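Read the structure below first, then the notes.
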Amino acid sequence: MPAASNPSNNSVSQSNSSVSILEDYQKNFLDLAMESNALRFSKSSDEDFKLKSGRLSPYFFNLGLFSTGKLLSNLATSYSISIITNSRDQKLPEFDIIFGPAYKGIPLCAIVCAKLAEIGGSKFEKISYSFNRKEKKDHGEGGSIVGASLKGKRILIIDDVMTAGTAINEAFEIIKAEGGEVVGTIIALDRQEIVNSESGMSATQLVSERYSIPVISIVNLGNIIKYLDGKLTGDEKQRVEHYRATYGA
């Protein structure tokens with residue numbers, strides 16, 4: 001297996017989206033998220049969104065609403081530029097395969113693999129993609145993996161958001177069983193909120209620490225608050241700020 005590069009401080013969740021000035025691709029991503037209703041804000045506390053964690057959140061992100069060809073193309077561009085930027089800055093090791101956990105990760109790994117080949121230059125032209133089936137196939141090619149073989153390969157996991165890290169943990173087990181090595185994870189949005197009061201850490205921080213890999217994102221909650229400052233009502237902004245003060249990592 002090729003040796004994975006070892007970027008400095010890779011045990012800490014990191015992203016170029018943590019800088020104070022947003023890049024154009026991040027602004028474009030947030031604009032499209034708002035236009036497509038993928039990123040929504042409740043009008044009052046009575047309309048807050050219930051998360052898997054049971055928390056009531058004043059904002060909600062549903063990547064599934066990037067459902068047209070134009071939106072998917074722009075989404076793939078945002079993921080790809082984030083990957084290219086973090087690779088250039090040595091915050092992301094070299095990888096061979098983009099792995100998308102079923103189900104939301106399935107279209108993501110394919111469209112981003114194609115977009116990287118289109119805009120990333122020769123370095124990314126031979127990147128492959130793979131995803132898992134929820135149930136193993138017992139006919140034809142069989143098995144639970146669709147796409148490139150993971151054996152002996154360096155893997156970048158792609159997903160939408162990370163709430164508790166459950167899907168990522170499951171993906172690690174699948175990849176390990178197939179003989180691959182996870183070298184990083186990329187998500188669209190880092191909510192930057194603690195998983196529980198005991199750890200005081202976010203899901204991205206916990207995953208990064210547990211597996212000693214970088215976890216990067218296109219944007220995070222801090223980016224949302226900064227960029228949409230003039231687009232949110234005073235009440236919306238206040239409730240998001242209160243939520244961050246309560247659950248922020």
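The values are calculated or read from the model by the stated rules, or taken from the named source; none is laboratory data. Since we're looking at a predicted model, the values are computed, not measured. When we count neighbours, we look across all protein chains shown, and the Cβ atoms used for this are built from the backbone with ideal geometry, even at glycine.
Overview of values
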| quantity | calculated |
| --- | --- |
| Residues of segment 87-107 satisfying the condition of being among the acidic types (D, E) and under 14 Å from Y129 (Cα atoms) | D96 |
| In segment 99-142, the residues that are more than 19 Å from R154 (Cβ to Cβ) and modelled with pLDDT of 95 or more | I106, P107, I111, A114, K115, E118, I119 |
| Restricting segment 142-175 to residues that are out of contact with any strand residue (DSSP E or B) (no Cβ under 6 Å at 6 or more places or on another chain) and among the polar types (S, T, N, Q), the residue that is surrounded by the most Cβ atoms within 10 Å (Cβ to Cβ) | T163 |
| Number of the exception - G143 against (1) in contact (Cβ under 8 Å) with a residue 12 or more places away in the chain; (2) under 18 Å from I106 (Cβ atoms) | (1) |
| Within segment 92-133, considering residues that are aliphatic (A, V, I, L, M) and in a loop (DSSP other than H, G, I, E, B), the one surrounded by the fewest Cβ atoms within 10 Å (Cβ to Cβ) | A102 |
| Pairs where the first residue, in segment 94-113, is over 14 Å from T166 (Cα atoms) and the second is among the polar types (S, T, N, Q) and part of a loop (DSSP other than H, G, I, E, B), C-beta under 6 Å, 6+ apart | E94/S5 |
| Flag for S13 being within 14 Å of I224 (Cα to Cα), at pLDDT below 95 and surrounded by 16 or more Cβ atoms within 10 Å (Cβ to Cβ) | no |
| Residue that is surrounded by the fewest Cβ atoms within 10 Å (Cβ to Cβ) [pool: residues in segment 203-230 that are assigned to a strand (DSSP E or B) and touching a Phe, Trp or Tyr at 6+ places or on another chain (Cβ under 9 Å)] | I218 |
| Test: residue in segment 219-226 that is under 24 Å from A114 (Cα atoms) and in contact with a strand residue (DSSP E or B) (Cβ under 8 Å, 6 or more places away or on another chain) | yes |
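Condition check ((1) more than 18 Å from the chain's Cα centre (by Cα); (2) at pLDDT below 95) across all residues:
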residue	(1), (2)
G54	yes, yes
P58	yes, no
F61	no, no
F66	no, no
L71	no, no
A76	no, no
Y79	no, no
N86	no, no
D96	no, no
